[in-house]
Amino acid sequence: MDPSLIAIVVGAVIALFIFFYFLPVNLWFTAQLSGVRVSLLNLLLMRLRKVSPSLVVNSMIISTKAGLNITSNEIETHYLAGGNVSRVIKALISADKANIPLTFKSATAIDLAGRDVFDAVQISVNPRVINTPPVAAVAKDGIQLIAKARVTVRANINQLVGGAGEETILARVGEGIVTTIGSSETHKLVLENPDRISRTVLEKGLDSGTAFEILSIDIADIDIGENIGAKLQTDQAEADLKVANARAEERRAMAVASEQEMRSKAQEARAKVIEAEAQLPLAMAEAFRSGNLGIMDYYKIQNIQADTDMRESISRPGDKKGNDKK
């Protein structure tokens, strides 16, 4: 075969491929058969704007068959904004069938806010049950109760943009459970009427400012925990005992210090007495030299000292004379 002919055929094939890529005639024909009015020029412009024509046309076909009036321009705008067109179309169809008021503008806003709009519609139709983690609270009598609750919620379409999520619902319900149990006089009242928790929590309007509407709060289980009141009293008693021991030890240390101080003073006084006694022979010698003391006077003093020692030995029988003075 002539090489020039082959080149012409290949060029023709490439040209047809490019032509049908930018002008998807089969997609246009399918749209016409489905009752969707879209021109070949619009399909060409979609290619140039880097928008998938098949996604736009298929979305329009689905919405048209469901009785929704959505234009190709709206779908293109949401696609170019980074939204999930398929989920939005499914959500609009589900909302329409369930008689839930939801416009295309609201659906795209919810989708662009990062929430799953189709899942939100499903929760509006079929409420979701959220199980709370175990919540521990203490009644006024000191008994700890551990409660688990099931919260039935329904999506609030009008609050999905900017509304708080499930974590806020769980936190508020947990707070309500703690408050209700904590305000009960005894734990027996809570065990006898667990629905009291549900009523009290529901009256607080915990779904305010959230993306959900609380339908019911059911207490699934309540377990008795520790006796926190008795434990706190025991800890307080131990703390008081430690404080009392510390104060007693402080007083004992002060008494020991005072005793040591008194002993030191006694030793000091005894040293002064010994010092004074050491001065006595010197004074007597000086008296002899000066003539103020005679031999007879000295003997009298010795006799008086002997009589004194004898009387002391008689008053303490069994003691040795050498131990009379310490």
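From R115, R150, grab the single residue that is surrounded by fewer than 18 Cβ atoms within 10 Å (Cβ to Cβ) and closer than 22 Å to A95 by Cβ. Steps first, please.
Working: R150 fails: closer than 22 Å to A95 by Cβ.
R115 is the lone residue from the list that is surrounded by fewer than 18 Cβ atoms within 10 Å (Cβ to Cβ) and closer than 22 Å to A95 by Cβ.
Could you list, in sequence order, all residues of the stretch 86-123 that are small (G, A, S) and on the phi < 0 side of the Ramachandran plot? It would help to see each step written out before you state the result.
Residues of the stretch 86-123 that are small (G, A, S), as a first pass: 86, 91, 94-95, 98, 106-107, 109, 113-114, 120.
Listed by number, the residues that qualify are S86, A91, S94, A95, A98, S106, A107, A109, A113, A120.
Within the stretch 43-66, which residues are at pLDDT below 80, open to solvent by 20 Å² or more (accessible area, probe 1.4 Å) and either β-branched (V, I, T) or outside any loop (DSSP other than H, G, I, E, B) (or both)?
L44, L45, R47, L48
Test I110 against the stated conditions and say whether it is under 38 Å from the mean Cα position of the chain (by Cα) and surrounded by 17 or more Cβ atoms within 10 Å (Cβ to Cβ). Let's see the steps before the verdict.
Values: under 38 Å from the mean Cα position of the chain (by Cα): yes; surrounded by 17 or more Cβ atoms within 10 Å (Cβ to Cβ): yes.
So I110 fits the description; yes.
Within the stretch 77-92, can one find any residue that is touching a Gly at 6+ places or on another chain (Cβ under 8 Å), within 27 Å of P53 (Cβ to Cβ) and without any contact (Cβ under 8 Å) to a residue 40 or more places away in the chain?
No; the residues of the stretch 77-92 include none that is touching a Gly at 6+ places or on another chain (Cβ under 8 Å), within 27 Å of P53 (Cβ to Cβ) and without any contact (Cβ under 8 Å) to a residue 40 or more places away in the chain.
Could you look through the stretch 289-326, keep only residues that are in contact with a helix residue (DSSP H, G or I) (Cβ under 8 Å, 6 or more places away or on another chain) and in a helix (DSSP H, G or I), and pick out the one that is modelled with the highest pLDDT?
The extreme case among them is S313.
Out of the residues in the stretch 212-242 that are assigned to a helix (DSSP H, G or I) and among the aliphatic types (A, V, I, L, M), which is farthest from V151 (Cα to Cα)? Please lay out each step first, then the result.
Looking only at the stretch 212-242, we keep the residues that are assigned to a helix (DSSP H, G or I), and these are 228-242.
In the following step, the residues that additionally are among the aliphatic types (A, V, I, L, M) were identified as 228, 230, 232, 237, 239, 241.
Details: I228: 28, A230: 33, L232: 33, A237: 41, A239: 42, L241: 47 Å.
In this case the residue turns out to be L241.
Among the numbered conditions (1) without any contact (Cβ under 8 Å) to a residue 60 or more places away in the chain; (2) under 30 Å from R115 (Cα atoms); (3) over 22 Å from the mean Cα position of the chain (by Cα), tell me where R199 comes up short.
Among (1) without any contact (Cβ under 8 Å) to a residue 60 or more places away in the chain; (2) under 30 Å from R115 (Cα atoms); (3) over 22 Å from the mean Cα position of the chain (by Cα), the lone unmet condition for R199 is (2).
Take L145 and decide whether it is closer than 14 Å to E213 by Cβ and either at pLDDT below 90 or under 21 Å from the mean Cα position of the chain (by Cα) (or both). Before the answer, list the steps.
Values: closer than 14 Å to E213 by Cβ: no; either at pLDDT below 90 or under 21 Å from the mean Cα position of the chain (by Cα) (or both): yes.
Judged against the criteria, L145 is not a match.
Out of the stretch 244-301, which residues are hydroxyl-bearing (S, T, Y) and over 60 Å from the mean Cα position of the chain (by Cα)? Quick ask: steps written out before the conclusion?
Looking only at the stretch 244-301, we keep the residues that are hydroxyl-bearing (S, T, Y), and these are 258, 264, 290, 298-299.
Residues satisfying the conditions are S264, S290, Y298, Y299.
Tell me which of these M262 doesn't satisfy, since it passes every other one: (1) modelled with pLDDT under 85; (2) open to solvent by 80 Å² or more (accessible area, probe 1.4 Å).
Checking M262 against (1) modelled with pLDDT under 85; (2) open to solvent by 80 Å² or more (accessible area, probe 1.4 Å), the one that fails is (1).
Against the conditions (1) under 30 Å from N193 (Cα atoms); (2) of a type outside the set (S, T, N, Q); (3) at pLDDT 85 or above, where does L232 fall short? Just the number, please.
Evaluating L232 over (1) under 30 Å from N193 (Cα atoms); (2) of a type outside the set (S, T, N, Q); (3) at pLDDT 85 or above leaves (3) as the failure.
Restricting to the stretch 178-211, count the residues that are under 22 Å from N227 (Cβ atoms), open to solvent by 70 Å² or more (accessible area, probe 1.4 Å) and assigned to a loop (DSSP other than H, G, I, E, B).
Result for the stretch 178-211: 2.
Only one of V129, V161 is open to solvent by 30 Å² or more (accessible area, probe 1.4 Å) and either under 22 Å from the mean Cα position of the chain (by Cα) or at pLDDT below 85 (or both). Can you tell me which? I'd like the intermediate steps shown before the answer.
Details: V129 fails: either under 22 Å from the mean Cα position of the chain (by Cα) or at pLDDT below 85 (or both).
Every option except V161 fails the conditions.
The values are calculated or read from the model by the stated rules, or taken from the named source; none is laboratory data. Since we're looking at a predicted model, the values are computed, not measured. Glycine gets a Cβ as well: all are built from the backbone with ideal geometry, and neighbour counts include every protein chain shown. To get the accessible areas, we keep the full protein, side chains included, count just its heavy atoms, and leave off ligands, DNA and RNA. Shrake-Rupley method; radii C 1.70, N 1.55, O 1.52, S 1.80 Å.
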